[in-house]
Amino acid sequence: MSAELLKEYKEATDNFVAAAKAIPADKLHKAPANDEWSPANIIHHLADTEAHFYFRYLKILTEDVPETEFFDENVYPVRLKYEKRDVETSLRLLQSLRESFSNIMSNFTADEWERKGRNSDVGEYPIIALIKKSRTHIKDHLNQLNEAVSKA
């Protein structure tokens, strides 16, 4: 299970980064519709989300059943000024965080795969559930990214 999950995690990273790098400059900041995110916003969102995932992973690995609360992603685009942020910097951050955690994960012991965090919404959960959520999250946003580019 862990080897397969690690492979899927890395592939999801590689697929998203490749798709993001292939976006033509003229489509990067175009939103498909007024209420939808541009490809650039999707990239910034993933970078910010991966920073949160990474922090949660570290807490779970270094503390005994730590609290790992969710964040309000809806305030990020405005308060973090997504429209002014550099896309390449966000993409490098995303890639770096995921590569770093892939390296950490590749050295997990059996006990580390069983470590847990706690969240007020879901209660106690194993780190593997958070890793799977991250894997699914990036795949979902890859689909969103591809759709946004095709509509732009």
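Going by what's in this entry, would Glu73 be described as more than 16 Å from the chain's Cα centre (by Cα) and within 19 Å of Ser134 (Cβ to Cβ)? No; evaluated as a whole, the condition is false for this residue. Here Ser102 passes the criteria (1) closer than 16 Å to Thr136 by Cα; (2) at pLDDT below 95 except the one numbered (2). Examine the stretch 63-77 for a residue that is among the aliphatic types (A, V, I, L, M) and closer than 20 Å to Lys10 by Cβ, and state whether such a residue exists. No; the residues of the stretch 63-77 include none that is among the aliphatic types (A, V, I, L, M) and closer than 20 Å to Lys10 by Cβ. Here Glu114 clears all of (1) at pLDDT 95 or above; (2) out of contact with any Gly (no Cβ under 7 Å at 6 or more places or on another chain); (3) more than 28 Å from Ala20 (Cβ to Cβ); (4) not hydrophobic (A, V, I, L, M, F, W, C) except the condition numbered (1). Has the stretch 8-15 got any residue that is in a helix (DSSP H, G or I), farther than 19 Å from Lys139 by Cβ and not acidic (Asp, Glu)? Scanning the stretch 8-15, I find no residue that is in a helix (DSSP H, G or I), farther than 19 Å from Lys139 by Cβ and not acidic (Asp, Glu), so the answer is no. Close contacts from the stretch 124-152, counting a first residue that is in contact (Cβ under 8 Å) with a residue 60 or more places away in the chain and a second that is buried (at least 18 other Cβ atoms within 10 Å of the Cβ) and not in a helix (DSSP H, G or I), with Cβ to Cβ under 6 Å and a gap of 6+ residues or different chains, come to Ile127/Arg115; Val149/Ile23. Here Ala20 meets the list (1) buried (at least 19 other Cβ atoms within 10 Å of the Cβ); (2) within 16 Å of Glu83 (Cβ to Cβ) almost entirely, failing just condition (2). Of all residues in the stretch 54-97 being assigned to a helix (DSSP H, G or I) and in contact with a Lys or Arg (Cβ under 8 Å, 6 or more places away or on another chain), which is surrounded by the most Cβ atoms within 10 Å (Cβ to Cβ)? Per the stated criteria, the residue is Ile60. Has the stretch 36-49 got any residue that is over 13 Å from the mean Cα position of the chain (by Cα), surrounded by fewer than 13 Cβ atoms within 10 Å (Cβ to Cβ) and over 16 Å from Ile128 (Cβ atoms)? So far as the stretch 36-49 goes, no, none of its residues is over 13 Å from the mean Cα position of the chain (by Cα), surrounded by fewer than 13 Cβ atoms within 10 Å (Cβ to Cβ) and over 16 Å from Ile128 (Cβ atoms). When the residues of the stretch 101-152 are filtered to those that are part of a helix (DSSP H, G or I) and among the aromatic types (Phe, Trp, Tyr), which remaining residue is surrounded by the fewest Cβ atoms within 10 Å (Cβ to Cβ)? The qualifying residue surrounded by the fewest Cβ atoms within 10 Å (Cβ to Cβ) is Trp113. Of all the criteria given as (1) in a helix (DSSP H, G or I); (2) in contact (Cβ under 8 Å) with a residue 24 or more places away in the chain, the one not satisfied by Glu36 is (1).
The values are calculated or read from the model by the stated rules, or taken from the named source; none is laboratory data. Small disclaimer: the values here were computed from a predicted structure and weren't measured. Every residue, glycine among them, receives a Cβ derived from its backbone with ideal geometry; neighbour counts consider all protein chains shown.
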